[in-house]
Amino acid sequence: MSRLRRSRRPKPPSSLKTAVLVAAIFVTFAVGVALSDYRSEVVRWLYSPIAIVLVILLFIEYIVLKGRDRSRIYRIELEQARHKRVEDQEYLRHLEERLLAMEKEVPSPPEVRDSGCEERLGELRGELASLRRELSEKL
């Protein structure tokens with residue numbers, strides 16, 4: 001069932017779509033500048049100190065935001081791993097308790113000859129088989 005949930009998650013946008021979008025914006029801007037009468041002013045503004053400082057600040061902001069996003073993702077993954085580990089430990093504890101209870105119910109060899117014990121032994125074998133199936137499904 002978890003496999004189905006994984007397949008229903010929305011896919012992140014591909015890097016190709018992002019690159020095409022950025023290229024389209026750049027081409028539109030370049031065509032607009034080329035067709036306008038203010039080409040020299042636009043070029044002068046692009047190479048001004050204010051524009052260069054602005055680009056540097058945008059780059060720094062991009063790096064900071066990307067770092068925050070990654071650390072948030074790492075925290076989420078760590079929390080999920082902790083939760084899964086706790087669930088697995090609880091399951092194994094429960095399994096150990098069931099196995100110990102079944103072990104106490106296993107009759108000793110002289111008692112096995114009784115017909116009632118043979119039936120109970122068959123039941124215990126069935127329970128052990130179901131525990132093995134549960135364990136293989138869980139792990």
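The values are calculated or read from the model by the stated rules, or taken from the named source; none is laboratory data. Keep in mind that this is a model prediction, so the values were computed, not measured. Side chains are part of the model used for accessible areas, which takes the heavy atoms of the whole protein and leaves out ligands, DNA and RNA. Shrake-Rupley method; radii C 1.70, N 1.55, O 1.52, S 1.80 Å.
From largest accessible area down, sort GLU137, GLU96; use a 1.4 Å probe on the protein chains.
Values: GLU137 150, GLU96 100 Å².
If we order GLU137, GLU96 from most to least accessible, we get GLU137, GLU96.
Please list ILE25, ILE50 from largest to smallest accessible area, probe radius 1.4 Å, with all protein chains kept in place. Intermediate results must be reported in sequence, preceding the final value.
Working: ILE25 110, ILE50 135 Å².
Ranked from most to least accessible, the order is ILE50, ILE25.
Would you list SER36, SER136 from the most to the least accessible area, probe 1.4 Å?
If we order SER36, SER136 from most to least accessible, we get SER136, SER36.
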For the stretch 17-83, count the residues as N, evaluate 2.2 N^0.38 Å, and divide the Cα radius of gyration by that value, please.
-> 1.77
